[in-house]
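What follows draws every value from the coordinates through simple rules; no lab data is involved. As the structure is a prediction and not an experimental result, all values here were calculated from the model.
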Amino acid sequence: MPMTDTSRWQDFGRAITLARNARKWSQRRLAAEAGVSPTTLGALERGETDPASSRAMPAIAQALDWPADIAYQHARGKHDPAALIHPPQPKPRTDFTSNEIDQLAGDIAELDEEDREAVRNLVRRLRNR
């Protein structure tokens, strides 16, 4: 049986709600993170608005760490919206200043390819500890 627009909207809204709840965020928090009104977010979560045509959808997708193009395909009913649900990914924390980061990036760029690959591998190992 084909999915109706309303049921597709509701399924996508449930995906937003599940992802928000996985992060233990209130509607107000997600709305603030996305820069949209809580009213707009609520309408999307309840399936009252077509997510594929909502200007808020890309901002909400970004706040939930969803790739915007994938979220748009899900919003149009091209994929199962539940596939977007994943545990929250912690944002990297750093004590580096932007100048220090720029300096590191410049230093790495000056390395030869073999040494840059060694740096990449080191970062991967540190990330997986």
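With the convex hull drawn around the C-alpha atoms of the stretch 4-56, the volume per residue stands at 58 Å³. Applying 0.36 nm per residue to the separation of Glu113 and Glu100 and subtracting their alpha-carbon distance, the gain on full extension is 2.5 nm.
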